[in-house]
1. Once R0 is set to 25 Å, what does the formula 1/(1 + (r/R0)^6) return for the Cβ-Cβ distance between residue 344 and residue 161, expressed as a FRET efficiency to the nearest 0.05?
2. As an exercise, use a Förster radius of 30 Å and the Cβ-Cβ distance of residue 418 and residue 101 to find the FRET efficiency, rounded to the nearest 0.05.
3. In nanometres, what is the gap between the two model label sites at residue 249 and residue 74, each 7 Å from Cα along Cα-to-Cβ?
4. At a 1.4 Å probe radius, which order do 224, 215 fall into by accessible area, largest first?
5. Given a Förster distance of 41 Å, report the FRET efficiency between residue 384 and residue 180 from their Cβ-Cβ distance, rounded to the nearest 0.05.
6. Under a crude label model (7 Å from the Cα following the beta-carbon direction), how far is residue 62 from residue 359 in nanometres?
7. Which entries in the list 113/366; 41/221; 229/349 go over 31 Å, if you measure between the two C-alpha atoms of each?
8. What ranking do 358-364, 76-82 get when scored by the average of other Cβ atoms within 10 Å per residue, highest first?
Amino acid sequence: MDTLNQTNEDTFSSSILKQATLLYLEDDEVIRSETLSIFEKLFKKVYTAEDGKIGLELYNTHKNEIDIVLTDINMPNMDGIQFMAEVRTQDFELPILIVTAFNDINQLIKAIKLNVTDYIIKPMQLNSTLKILNKILTHRFNLKLINKQQNELGIYKEIIDKENLVSETDLKGIITYANDIFCEVSGYKREELIGQNHNIVRHPDVSPKIYAEMWETIQNKKLWKGKLKNLSKDGAAYYVKSTVFPILDEDGNIEKYVASRFLVTEDETEKHKLKKYIMHQKSQQVKHEKQLKEEFDDAVHYAKMQKDQQVAKFIHELNEQIKNLRVKHSDDRGRILTLENSLKEALNKNDDLQMSYQERISKLHKTAVLAVEEYQKIKKRSDIVNEKYEKAQEGIKTFQGYIDEYREKIKNLEDVIDAYEQKFGHISK
């Protein structure tokens, strides 16, 4: 068995091994002691045993901690195959590697039936063994990560499904799923939407360039966000803030598209009403000021012409009315500004709440894409290893055939020697 140099030890110390717990079974005390001293530096924790019986006890006690098992086949009390059989009654997916010799063909076949993850030929080369352990644990970690992300996405989808308009389409934009809120707002029944192109709710006011940009973005495996004006079945317009993102399969290919939207129709309506009211008030203000100025100028001109005290008094009263109207207009303007600020605060609060959901989805989506890419790399490496494994199996079978052929020749030679001795007497070896 080889030993690790400092450079390789540093490489493995920053690998996935640091997060994993190993169960190591080896009956040879010298090999076990030397290997354990290195394993303990590289793994988070190592449990070790000199036979399968003690190893099984350790497994039963720490099964929730153990991430991978490395075991010799030939051990006292309980061998590696018996140990594997007992473990597989409880967990058929736990990675188990066996250390075997070329002449353990029958044992190897039994191990394969027990879903052995990989095998290592004696004498065990430690660098190669650590690379195999690291590869298997990385693959297993990425699978767990993908499953976790899918579960989280499922939870967030369920939350968003209750609050937002959610739909799914295939790669051509054909609707395959629509939630209750989407049906309620669009005015369509679910069976009317399924199988239809998503442009069934497209409003003619929206520029085709916006949809072209959306498709280009999501087909490049990125998120698209924006505000859209949609059309319901009865012809009414409604506004939504949308997030559209692709769902990738384990090979990194786009499987479908999911869209999550929240209504902003009421906000848009209030904005339009408020803008209209403000414009009307401004128009009335200009009109009143113009009218008052004309009346005031006429009155002044008349007063100057008539020099009448009553007219002067009238002008004074008219001036007071103008002041009062200006104060009233100022109050109205203040109320309008207050309404504008209140509406803006409400919109910002609603946007912040919804965007927190969308940002979480974005982060999960990015992490899922990275995990899938890493999984693809590991899968390719795994395919190469499997191909080498199959070739090795063929080599073993060929090698076994040579052994059987030589055994047959030796047996025939022994028969010839026995026959010669019977005829001519004993031959001294």
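1. Working: r = 29 Å, r/R0 = 1.17.
Approximately 0.30, to the nearest 0.05.
2. On the way: r = 32 Å, r/R0 = 1.05.
Between residue 418 and residue 101 the formula returns 0.45.
3. 4.7 nm
4. Numbers: 224 15, 215 70 Å².
Reading off the accessible areas and sorting them downward yields 215, 224.
5. Numbers: r = 48 Å, r/R0 = 1.17.
So, using R0 = 41 Å, E works out to roughly 0.30.
6. Label-label distance for residue 62 and residue 359, simple model: 4.2 nm.
7. Details: 113/366 38 Å; 41/221 41 Å; 229/349 21 Å.
Violating the 31 Å Cα-Cα cut-off are 113/366; 41/221.
8. Details: 358-364: 16.0, 76-82: 18.9.
In descending order of packing, they fall as 76-82, 358-364.
The values are calculated or read from the model by the stated rules, or taken from the named source; none is laboratory data. What you see is a predicted model, and the numbers here were worked out from it, not measured in a lab. No Cβ is skipped: glycine too gets one built from the backbone with ideal geometry, and neighbour counts run over all protein chains shown. Accessible surface areas use protein heavy atoms only, side chains included; no ligands, DNA or RNA. Shrake-Rupley method; radii C 1.70, N 1.55, O 1.52, S 1.80 Å.
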